[in-house]
Ligand SMILES: Cc1cc2nc3c(=O)[nH]c(=O)nc-3n(C[C@H](O)[C@H](O)[C@H](O)COP(=O)(O)OP(=O)(O)OC[C@H]3O[C@@H](n4cnc5c(N)ncnc54)[C@H](O)[C@@H]3O)c2cc1C
């Protein structure tokens, strides 16, 4: 297997055109490749500046999870800190987690930030809907969002060998003169998202969320949402 390490977008596009498979930390693909055979070419984005941003409003796909610190909003930082073990976090990348894993602990966090995906295409880089980029397994360069007023993340304890632990992510954004609450819940392998105005207090926001897809949540999950939303309300500027 030839491992390409492009240092510019045109170079990455060239390797992409040659059929190089994207690879992050290889924490998932290594076992598959050993079992099924290695691809002819792979491409890591770790030397590509565009894939290494760690900023208030951007995160690169090649960033290793344990490098995610307080430069990014709390919701993403806590999501990354809760992935797997220390050994996994030292190797696994944002791109591998969002596009390549089935658990995708970072996805609810990225969704409540209203993140957009920056993808690499043969002839351009393209900003697009994150859920779509993930579903279509596009080559991800990174994600971008608008910084929220406050955000939070909770991953409930799971049982070994049991279903994926419940994840609740929430953020409040300033939208013109108003405030918008975004909530995303990973329940099993499914990620549900909903928005609600956050101008009239916690009760009104929770009531509005009850009218969305989140109405289908089981009582324990709904209680976790209620807790996170209530906690966020107390941390809003002027609260
Ligand atoms: C012991 C263990 C515990 C774990 N626990 C958790 C957990 O609690 N929560 C959780 O969310 N995950 C968990 N994971 C999954 C972990 O997050 C993944 O291993 C990791 O996200 C894969 O990242 P990677 O960079 O190693 O990807 P790789 O193994 O390199 O790649 C995985 C897939 O992603 C694709 N890919 C990589 N980068 C990109 C990119 N930039 N654009 C498009 N596709 C790309 C690859 O082509 C491949 O198909 C766990 C994994 C292990 C081994």
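The values are calculated or read from the model by the stated rules, or taken from the named source; none is laboratory data. Computed from a predicted model, the values in this text were never measured in an experiment. No Cβ is skipped: glycine too gets one built from the backbone with ideal geometry, and neighbour counts run over all protein chains shown.
Looking at segment 122-135, which of its residues are without any contact (Cβ under 8 Å) to a residue 24 or more places away in the chain and part of a strand (DSSP E or B)? Of everything in segment 122-135, those that are without any contact (Cβ under 8 Å) to a residue 24 or more places away in the chain and part of a strand (DSSP E or B) turn out to be 124, 126, 127, 128, 129. Is it true that some residue in segment 26-40 is crowded, with 18+ Cβ neighbours inside 10 Å and without any contact (Cβ under 8 Å) to a residue 60 or more places away in the chain? Looking for residues that are crowded, with 18+ Cβ neighbours inside 10 Å and without any contact (Cβ under 8 Å) to a residue 60 or more places away in the chain, one finds none in segment 26-40, hence no. Of the residues making up segment 79-101, those that are assigned to a helix (DSSP H, G or I), near the ligand (Cβ under 6 Å from one of its atoms) and either in contact with a helix residue (DSSP H, G or I) (Cβ under 7 Å, 6 or more places away or on another chain) or within 15 Å of residue 165 (Cα to Cα) (or both) are 97, 99.
Specify which of the listed residues (116, 104, 56) is within 12 Å of the ligand (Cβ to nearest atom) and at pLDDT 95 or above. Just one listed residue meets the conditions, 104. All but one of (1) under 22 Å from residue 190 (Cα atoms); (2) touching a residue at least 24 places away in the same chain (Cβ under 8 Å); (3) surrounded by 17 or more Cβ atoms within 10 Å (Cβ to Cβ) hold for residue 50; which doesn't? Checking residue 50 against (1) under 22 Å from residue 190 (Cα atoms); (2) touching a residue at least 24 places away in the same chain (Cβ under 8 Å); (3) surrounded by 17 or more Cβ atoms within 10 Å (Cβ to Cβ), the one that fails is (1). Against the definition (within 30 Å of residue 185 (Cα to Cα), at pLDDT 95 or above and either part of a strand (DSSP E or B) or within 10 Å of the ligand (Cβ to nearest atom) (or both)), how does residue 76 come out, yes or no? Spelling it out, it is not the case that residue 76 is within 30 Å of residue 185 (Cα to Cα), at pLDDT 95 or above and either part of a strand (DSSP E or B) or within 10 Å of the ligand (Cβ to nearest atom) (or both). Within segment 212-234, the set of residues being surrounded by fewer than 13 Cβ atoms within 10 Å (Cβ to Cβ) and not in a helix (DSSP H, G or I) comprises 218 only.
If I filter segment 139-165 down to residues being part of a strand (DSSP E or B) and under 26 Å from residue 235 (Cβ atoms), which single residue comes out as nearest to the ligand (Cβ to nearest atom)? Once the filter is applied, the top-ranked residue is 155.
Looking only at residues in segment 181-203 that are in contact (Cβ under 8 Å) with a residue 60 or more places away in the chain and touching a strand residue (DSSP E or B) at 6+ places or on another chain (Cβ under 8 Å), the one that is farthest from residue 234 (Cα to Cα) is 191.
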